[in-house]
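Peer 1: Here it is, the structure in full.
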Amino acid sequence: MADELSWLVRDLVRRRDRAALATALPTPAGPWPYASLVLVATDHDLSPILLLSDLAEHAKAIAADDRVSLLYDGTEGLDQPLTGARATLVGRARCTSDEGPRQRFLARHPDAAVYAGFKDFHFFRLELERAHLVAGFGKIHWLGAAELLTSPPPGLPEAEPGIVSHMNNDHADVLQLYAGKLLGLAGDDWRMTGIDAEGLDLRRRGQVARLAFGESLAGPHEARKVLVALAAKARST
C-alpha cells in the first residue's frame, strides 16, 4: 500500500508543470500565509525545482523563512474535482547553482531561458520533508521524504541531455507515436523534455504529458531498450 501511495505522489508531481507555492510572507503584523502560481520542474530524485526573481514576494518570504509548501493539483477535468488526487509537498526551499536542476527546469520550460540568466533570478530546490496526499474522499495520507524520494540510477542524470537531444533530433516521429498512440494526445510536434527512472516527459507548446514506464530503469543502458519497446508498442496499437 505504501509503495502504491508513494508512486501516486511521484507520478502526480512529475506530471504537473505548475503548482501553488505557499510561503510565510513578512508583514508588519507578522508572517502571513501567501500562495500563488509558480512553474515547477522536478529533479531526478523528485525534489521540486523553482525559478524565482528576487523581486517576487515569494523570494522575499523565503529569504526570511525558507519553509514552503507546494500544492500539486491532479483534479483537472473531473466532474467531481474532490474525487481526484492532489498532493502538498512540505520542505525548505534552498537556492542552488547546480547545473542539473537548471537544465531540468529549462528543458521543462524552454521559454524561461529568456530570463533565467538575469541577475535577480535564482533557482531553488525543495528539500522535501514530507507530503500530504488526498486521493479522493477518505483517502488521506502523510508520507515521509524517505518514502517518496528516489535515488537516480547511476549515470542517468548525466546521460539525460544526450538521450533527450537524440530523441528530439533523430526520432521525432517516435515521440509523436508515443503521444498519439500511447497517450491519446493530439498534435504532431511533441518534444521530449526529460527522462528519469520511472518515465519520460513530453511537451507541446503549453501542454505537458508523461509516459510512465512499466518498471524503473536501472541505468542509462536500459533507456534505449525501453524506448524501442515503447515505439514497437505504439506502432502495433
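The values are calculated or read from the model by the stated rules, or taken from the named source; none is laboratory data. Bear in mind the structure is a predicted one, so any value in this text is a computation, not a measurement. Glycine also receives a Cβ, built like all others from the backbone with ideal geometry; neighbour counts cover every protein chain displayed.
Peer 1: What single numbered condition from (1) in contact (Cβ under 8 Å) with a residue 24 or more places away in the chain; (2) among the acidic types (Asp, Glu); (3) under 26 Å from residue 151 (Cβ atoms) fails to hold for residue 4?
Peer 2: Unmet condition: (1).
Peer 1: Continuing with this model, one more query. Output the residues belonging to the range 1-54 that are under 15 Å from the mean Cα position of the chain (by Cα) and β-branched (Val, Ile, Thr).
Peer 2: 9, 13, 38, 40, 42, 49
Peer 1: While we're here: Considering only residues that are touching a helix residue (DSSP H, G or I) at 6+ places or on another chain (Cβ under 7 Å) and modelled with pLDDT of 95 or more, which ones fall in the range 1-24?
Peer 2: Matches in the range 1-24: 6, 9, 10, 17, 21, 23, 24.
Peer 1: For the range 206-220, give me the residue count where each residue is free of Cβ contacts under 8 Å to residues at least 12 places away in the same chain and of a type outside the set (Gly, Ala, Ser).
Peer 2: 1
Peer 1: Next question. So, restricting to strands (runs of 3 or more DSSP E) that lie completely within the range 145-224, which ones have at least 2 residues that are under 16 Å from residue 43 (Cβ atoms) and not assigned by TED's automatic domain parsing to the domain that holds residue 108?
Peer 2: Where strands (runs of 3 or more DSSP E) fall fully within the range 145-224 and carry at least 2 residues being under 16 Å from residue 43 (Cβ atoms) and not assigned by TED's automatic domain parsing to the domain that holds residue 108, they are 191-196, 199-204.
Peer 1: Out of 157, 101, 153, I need the residue that is over 25 Å from residue 39 (Cβ atoms), surrounded by 14 or more Cβ atoms within 10 Å (Cβ to Cβ) and of a type outside the set (Gly, Ala, Ser). Which one?
Peer 2: 153
Peer 1: Something else now. What single numbered condition from (1) under 17 Å from residue 220 (Cα atoms); (2) of a type in the set (Gly, Ala, Ser); (3) without any contact (Cβ under 8 Å) to a residue 12 or more places away in the chain fails to hold for residue 151?
Peer 2: Unmet for residue 151, out of (1) under 17 Å from residue 220 (Cα atoms); (2) of a type in the set (Gly, Ala, Ser); (3) without any contact (Cβ under 8 Å) to a residue 12 or more places away in the chain: (3).
Peer 1: Just to be sure, is residue 120 within 29 Å of residue 30 (Cα to Cα), at pLDDT 95 or above and surrounded by fewer than 14 Cβ atoms within 10 Å (Cβ to Cβ)?
Peer 2: Spelling it out, residue 120 is indeed within 29 Å of residue 30 (Cα to Cα), at pLDDT 95 or above and surrounded by fewer than 14 Cβ atoms within 10 Å (Cβ to Cβ).
Peer 1: Could you please let me know if residue 76 is outside any strand (DSSP E or B), under 19 Å from residue 141 (Cα atoms) and among the charged types (D, E, K, R)?
Peer 2: It is false that residue 76 is outside any strand (DSSP E or B), under 19 Å from residue 141 (Cα atoms) and among the charged types (D, E, K, R).
Peer 1: Inside the range 2-29, can you point out the residues that are within 17 Å of residue 211 (Cβ to Cβ) and of a type in the set (A, V, I, L, M, F, W, C)?
Peer 2: Of everything in the range 2-29, those that are within 17 Å of residue 211 (Cβ to Cβ) and of a type in the set (A, V, I, L, M, F, W, C) turn out to be 7, 8, 12, 13.
Peer 1: In this structure, does residue 78 turn out to be under 22 Å from the mean Cα position of the chain (by Cα) and modelled with pLDDT of 95 or more?
Peer 2: So residue 78 does not fit the description; no.
Peer 1: Hey, among 21, 12, which residue is under 18 Å from residue 130 (Cβ atoms), touching a Gly at 6+ places or on another chain (Cβ under 6 Å) and not in a loop (DSSP other than H, G, I, E, B)?
Peer 2: Every option except 12 fails the conditions.
Peer 1: Follow-up. Would you check if there is a residue in the range 48-65 being in the same structural domain as residue 113 (by TED's automatic domain parsing), of a type in the set (Asp, Glu) and buried (at least 16 other Cβ atoms within 10 Å of the Cβ)?
Peer 2: No; the residues of the range 48-65 include none that is in the same structural domain as residue 113 (by TED's automatic domain parsing), of a type in the set (Asp, Glu) and buried (at least 16 other Cβ atoms within 10 Å of the Cβ).
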